[in-house]
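Each remark here refers to the structure printed beneath this line.
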Amino acid sequence: MPEHDISELEKNIGYEFKDKTLLLEALTHKSFQHENPRSAPHHNERLEFLGDSVLGMVVVDYLFNSRDRYTESMMSKIKSYIVKSKVLSEIAKGISLGNYLRLGKGEEETGGRNKVSILSDAMEALVGAVYIDGGYEKSKSLVLRLFKEKIDAAIKSRDFHDYKSELQEESQMRFGVLPEYRLVKEEGQEHKKVFTVEVFIAGERYGQGRGRSKKEAQTLAAKEALKNLSV
């Protein structure tokens, strides 16, 4: 990877590494390391493991010190939402992280630079590398610079709520049974389908949801069911 490429990425993330080899390791997928063991003695999985913990700590630190004094349950749900592969990959795309990855030929040919799993892992590895290179405060600054908007938006929209899990707990507590989701309608062309799902508890319908995937429809049905159960 040319040196100017590394500098471009450093500008994108607002952090300049003292040890550039740490950044290279964070960008090295195991497929590249397996094909180039001499030039790339390490891949990014160890940094990814570390970065996952650092990221979680920073998110909880931010929430814990918020004026809103979130409960343990809320902090746990928000953190779980933020560290999901989908969110991590969105942040990674925002800094064009895929452009700088070192991938093996197979991953390169199959679109590895845009794969959610590879991008999310590399994002965590990048956080881990900054932690090793600059310490907790530098990694905290990086995470908040890249993730704060996403955290605040999730809180405002309440996207972090796991409605299906909440409904399952409520259903078991009240009725001693699990909710049942039924697909009642499937509309549209193959690539633009809309699904309608209803959720039943003990044979009684409590909610309905429509979405572009069955999972989204189930989530919205669960959300409506929780609202109806609270009436």
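The values are calculated or read from the model by the stated rules, or taken from the named source; none is laboratory data. If you're wondering where the values come from, they're calculated on a predicted model, not measured in any experiment. Counting neighbours? That spans all protein chains shown, and the Cβs are built from the backbone with ideal geometry, glycine included.
One line per residue, one yes/no per condition, for (1) in contact with a Gly (Cβ under 8 Å, 6 or more places away or on another chain); (2) in the same structural domain as Asn65 (by TED's automatic domain parsing):
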| position | (1), (2) |
| --- | --- |
| Leu119 | yes, yes |
| Val127 | yes, yes |
| Lys138 | no, yes |
| Lys150 | no, yes |
| Gln168 | no, no |
| Met173 | no, no |
| Val184 | no, no |
| Lys193 | no, no |
| Phe200 | no, no |
Hits in the stretch 94-111 (condition: under 24 Å from Asn12 (Cα atoms), out of contact with any helix residue (DSSP H, G or I) (no Cβ under 7 Å at 6 or more places or on another chain) and in a loop (DSSP other than H, G, I, E, B))
Gly111
Of the residues that make up the stretch 50-68, is at least one farther than 20 Å from Ile6 by Cα, basic (Lys, Arg) and either touching a residue at least 24 places away in the same chain (Cβ under 8 Å) or in contact with a Lys or Arg (Cβ under 6 Å, 6 or more places away or on another chain) (or both)?
no
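With respect to Phe195, is the statement that it is surrounded by 19 or more Cβ atoms within 10 Å (Cβ to Cβ), under 26 Å from Val83 (Cβ atoms), at pLDDT 95 or above and of a type in the set (Phe, Trp, Tyr) true? I'd like the intermediate steps shown before the answer.
Values: surrounded by 19 or more Cβ atoms within 10 Å (Cβ to Cβ): yes; under 26 Å from Val83 (Cβ atoms): no; at pLDDT 95 or above: yes; of a type in the set (Phe, Trp, Tyr): yes.
So Phe195 does not fit the description; no.
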Residues of the stretch 154-187 being aromatic (Phe, Trp, Tyr) and touching a residue at least 40 places away in the same chain (Cβ under 8 Å), which ones?
Phe160, Tyr163, Tyr181
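Mind telling me which of the residues Ile151, Ile118 ends up being buried (at least 21 other Cβ atoms within 10 Å of the Cβ), among the β-branched types (Val, Ile, Thr) and within 30 Å of Gln33 (Cβ to Cβ)?
On the way: Ile151 fails: within 30 Å of Gln33 (Cβ to Cβ).
Criteria check complete, one pass: Ile118.
One residue is enough: does the stretch 115-130 have a residue meeting the conditions part of a helix (DSSP H, G or I), among the charged types (D, E, K, R) and more than 21 Å from Glu25 (Cβ to Cβ)?
If we filter the stretch 115-130 for residues that are part of a helix (DSSP H, G or I), which is where we start, we get 116-130.
When the remaining residues are screened for being among the charged types (D, E, K, R), the result is 121, 124.
After this cut, where a residue has to be more than 21 Å from Glu25 (Cβ to Cβ) as well, the list is none.
The answer is no; no qualifying residue exists.
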Just checking, which of Lys93, Lys79, Lys84 is basic (Lys, Arg), modelled with pLDDT of 95 or more and assigned by TED's automatic domain parsing to the domain that holds Ile132?
Lys93
